[in-house]
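Everything on this sheet refers to the single structure shown next.
Read-outs throughout are calculated quantities, based only on the coordinates presented, and are distinct from any laboratory measurement. Values in this document were obtained by computation on a predicted structure and should not be read as measured data. Here Cβ is always computed from backbone atoms with ideal geometry, including for glycine, and neighbour counts include all displayed protein chains.
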Amino acid sequence: MKSSDLFVRALEAEGVEYIFGIPGEENLDLLDSLSRSTIRLILTRHEQAAGFMAATYGRLTGKPGVCLSTLGPGATNFVTAAAYAQLGAMPMLMITGQKPIKTSKQGHFQIIDTVDMMKPLTKFTKQIVAGDNIPSRVREAFRLAEEERPGAVHLELPEDIAKEPTKTPVMHASRVRRPAADEKSIRLAVDLIEKAKCPLLLVGAGANRRLCSKMLRRFVHQTGLPFFTTQMGKGVIDDSHELCLGTAALSSGDFVHRAIDAADLIINVGHDVVEKPPFFMTPGGVKVIHVNFTTAEVDPVYFPHVEVVGDIAHSVWRMGNDIRPQEHWEFKRFREVKAAQEKNQAQHTADDRFPVTPARLVAEVQAIMPPDGMLSLDNGMYKIWFARNFNAHEPNTLLLDNALASMGAGLPAAMAAEIVHPKRFVMAVCGDGGFLMNEQELETAVRLKLDLVVLILNDSGYGMIKWKQQADGMTNYGLDFTNPDFVKLAEAYGARGHRVESTAALRPLLEKCRDTPGVDVIDCPVDYSVNVPLLNEEIKKLAAAL
């Protein structure tokens, strides 16, 4: 058989279901081999979107998502997606083509050193120089992509290597169990928690793994400890849980930060410094227990006192078994903070102004989302509002990126979620700026007959940067643009287009689109003028007065 057949067989042995991407002439042998495979090629309209889809597949399944491009410009279009997967701890394999490496008659046409380009962005990057090496290269790539901390890997398959004959068999994955944390570190952590007066649990992105959610729910039930989350830790434990104090969506000054200030110990499960800090450590301040798969990366704002290193689910299970709730634990302050935050949120969700205000928008989306529904956020101002106000009930049902925080990922991520979970309701929420970075994938969604709602928040500008600009007292400059008619644009791609004409009309329209199969695009005007007075002034003032 030719080496491209062996490559595809190696992917099949790893359980690959889909490959997202755009082939080129250097991939033709691989494409031919795929045509006889059980693996389904999902042809996209841009390589960046294919990478976002593969990364999201990895995030949702724990298995590396696979994406494909040709050499040169196809490969460079993977760069943002590689960083997205690497920083966000999403297992992903990128496959790129290359001109023949043994003999070439095209000089340096389209040739760049893709392997070297990928080194800072991946855990592993290799050019395959012999067909017989394919099984070991593919196995190693998958092993490293899945291994904690998960991330991006890359293989380059040159055109002439893909044609080579080979008789080498594929390799199969060995069974590997993650190491358990040291018993002494468990005991030390348990002692600190029991001796603390106001212990507080933090749930981070690393806890969005198999079994972690189950073990953390059990831990909270056994101990009665209040908890808060990072943006990427939402839903690991139901956000509507009575002991949930909210999400650290802002860097400081929010209600949840008053709870953090009151804690004398934070049990930090699954957070690392890649995600924007949910709190800032200071010398002599709150003590922190680091519970994660790997040791802590020390940072000026993060230097934990005790580390419990090993499989997170096992560590949480062990600590939960040993901890005994203490009579001296005091959570009154935490309850006061939670009540104040809920009161403040309720006041703003009833705002009937049009264009729709962010707090009201989140409330309307919350009202129509099933408990297992999946919400994919692009990156923009609304991400902070959803992180603060939206209750995610299950792990990985609020797909947001607080690591690379790339615009353009919301729609492709939602498409991948719909492919992985076709029986769930999936909605993408995108700003007008982020949506137009990958709007061409509407054609892909329609072609694949996906059932998807895309809610575009239209403010004709880059709203998050405007917020920062205004908060810094600067003049509004350089951030406004005009948009196409999103209804006509959706219809041009074969989707259904809708426009929100009043705040009262938003929920009925969302319900109609939710219950109608196919791709629906909703143009929703949004009013971000409340961002500075609410987030920078009112909330900080009320929280500080607690």
key: Principal axes of the stretch 1-84: Cα extent on each, largest first, Å   = 35, 29, 17
task = Just tell me which lysines come within less than 23 Å, Cα to Cα, of residue 449; anything on the same chain fewer than 8 places away is out.
result = 423, 488, 512
request  = Could you tell me which of rounded, prolate or oblate describes the stretch 1-144, using a ≥ b ≥ c as the square roots of the eigenvalues of the alpha-carbon gyration tensor, with rounded for a/c under 1.5 and, failing that, prolate when a/b is larger than b/c and oblate otherwise?
outcome  = rounded
remark   = Using alpha-carbon positions, the gyration tensor of the chain gives root eigenvalues a ≥ b ≥ c; with a/c under 1.5 called rounded, otherwise prolate if a/b exceeds b/c, else oblate, the class is oblate
request  = Could you work out how far the C-alpha centroid of the stretch 482-526 sits from that of the stretch 364-433, in angstrom?
outcome  = 17
key: the chain - percent relative contact order, Cα under 8 Å, separation 6 or more   = 13
task = Output ³J(HN,Hα) for the stretch 507-523: one whole-Hz value per residue in order, computed from phi by the Karplus curve 6.51 cos²θ - 1.76 cosθ + 1.60 with θ = phi - 60°, and x for Gly and Pro.
result = 5, x, 5, 4, 5, 4, 5, 4, 8, 10, x, x, 9, 10, 10, 10, 8
note = For the stretch 5-110, the dipole about the Cα centre with charges only on Cβ (Lys and Arg +1, Asp and Glu -1), to the nearest 20 debye, works out at 120
key: Within the chain, longest stretch free of exposed chymotrypsin sites (Phe, Trp or Tyr not before Pro) [DSSP loop, at most 15 other beta carbons within 10 Å]   = 281-476
message = Within the stretch 183-332, how many Lys pairs that are eight or more residues apart, or on different chains, come under 17 Å at the alpha-carbon?
response = 6
task = Report Rg(Cα)/(2.2 N^0.38 Å) for the stretch 183-332, keeping two decimals.
result = 0.92
message = How many angstrom lie between the Cα centre of the stretch 15-63 and the Cα centre of the stretch 210-270?
response = 36
ask   = DSSP loop GluC sites (Glu not before Pro) in the stretch 166-263 with at most 13 other Cβ atoms within 10 Å of their Cβ, which ones?
value = 242
request  = Treat each spin label as a single point 7 Å out from the Cα along the C-beta direction, and report the residue 483 to residue 184 distance in nm.
outcome  = 5.9
request  = Determine the relative contact order of the stretch 467-546: mean sequence separation of Cα pairs under 8 Å and six or more apart, normalised by residue count, in whole percent.
outcome  = 31
task = Could you tell me whether the stretch 311-376 comes out rounded, prolate or oblate from its Cα gyration tensor? Rule is a ≥ b ≥ c as square roots of the eigenvalues, rounded for a/c under 1.5, then prolate if a/b exceeds b/c, otherwise oblate.
result = oblate
Nonlocal amide H pairs with residue 127, under 5 Å, H built at 1.01 Å = 156
key: lysines whose Cα lies under 18 Å from that of residue 540, excluding same-chain neighbours fewer than 8 positions away   = 338, 343, 468
remark   = Longest principal axis of the chain (C-alpha) makes with the long axis of helix 134-146 (C-alpha) an angle, in degrees to the nearest 10, of 10
inquiry  = Explain nothing, just the number: relative contact order of the stretch 183-332, from Cα pairs under 8 Å at least 6 residues apart, as a whole percent.
reply    = 31
